[in-house]
Amino acid sequence: MRYYVGTGSNGYPTLIRRTLDGGGNEVTQELLEGVENLQFLYGIDNADDELPDIYVIAANVSDWNLVRTVRIAALVASLDEYGAEHDSADYAMLDETIPGPDDRRRRRVFSATVQVRNNR
């Protein structure tokens with residue numbers, strides 16, 4: 001499965017999932033409208049104590065067997081604009097700050113850390 005942020009059929013940023021069906025064909029599913037940004041950090045256990053010592057992006061994972069947790073953050077926006085105030089706030093997402101796009105949509109960052117339990 002691959003998850004990414006793309007443009008949905010309605011023209012809004014959307015969380016999309018691509019999978020392969022039984023015949024090897026790619027199936028695309030729109031999961032959640034309004035997702036503007038999605039980030040992951042992987043918790044690496046370098047001390048062999050089952051606890052993450054550092055968090056890195058996927059490109060910096062040298063051994064996937066050492067991943068113990070995953071931090072996930074999603075920036076989600078309302079589909080409609082509200083009021084007269086423009087969104088010029090910055091949004092902290094894991095190891096990056098996303099500037100507000102100066103529109104009238106409302107945004108919120110959702111984040112979680114999950115344990116990878118089947119990686120041994």
Fill in: Charge tally in the Cβ shell below 12 Å around ALA77, where Lys, Arg are +1 and Asp, Glu are -1, ALA77 excluded
-1
Worksheet item: Rounded, prolate or oblate: which fits the range 1-51, taking a ≥ b ≥ c as square roots of the Cα gyration tensor eigenvalues, rounded meaning a/c under 1.5, else prolate when a/b beats b/c?
Response: oblate
Discussion item. So for the chain, considering every pair of alpha-carbon atoms, how many percent are separated by more than 26 Å?
Written reply: 36
Worksheet item: What is the dipole size for the chain, taken about its Cα centre, with +1 at each Lys and Arg Cβ and -1 at each Asp and Glu Cβ, in debye to the nearest 20?
Response: 340
Worksheet item: Which is farthest toward the positive dipole end of the chain among TYR12, LEU66, VAL27, measuring Cα position about the Cα centre, with Cβ charges +1 (Lys, Arg) and -1 (Asp, Glu)?
Response: VAL27
Discussion item. Which GluC sites (Glu not before Pro) in the range 9-72 sit in a loop by DSSP (not H, G, I, E or B) and have at most 12 other Cβ atoms within 10 Å of their own Cβ?
Written reply: GLU50
Worksheet item: Distance from the Cα centre of the range 12-79 to that of the range 90-109, in angstrom?
Response: 19
Worksheet item: When the chain is modelled as a GNM with alpha-carbon springs shorter than 10 Å, which of ILE44, ILE72, ILE54 fluctuates the most?
Response: ILE54
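The numbers here are math on the coordinates, done by the rules we state, and not lab data. Keep in mind that this is a model prediction, so the values were computed, not measured. Please note: Cβ atoms are built from the backbone with ideal geometry, for glycine as well, and neighbour counts cover all protein chains shown.
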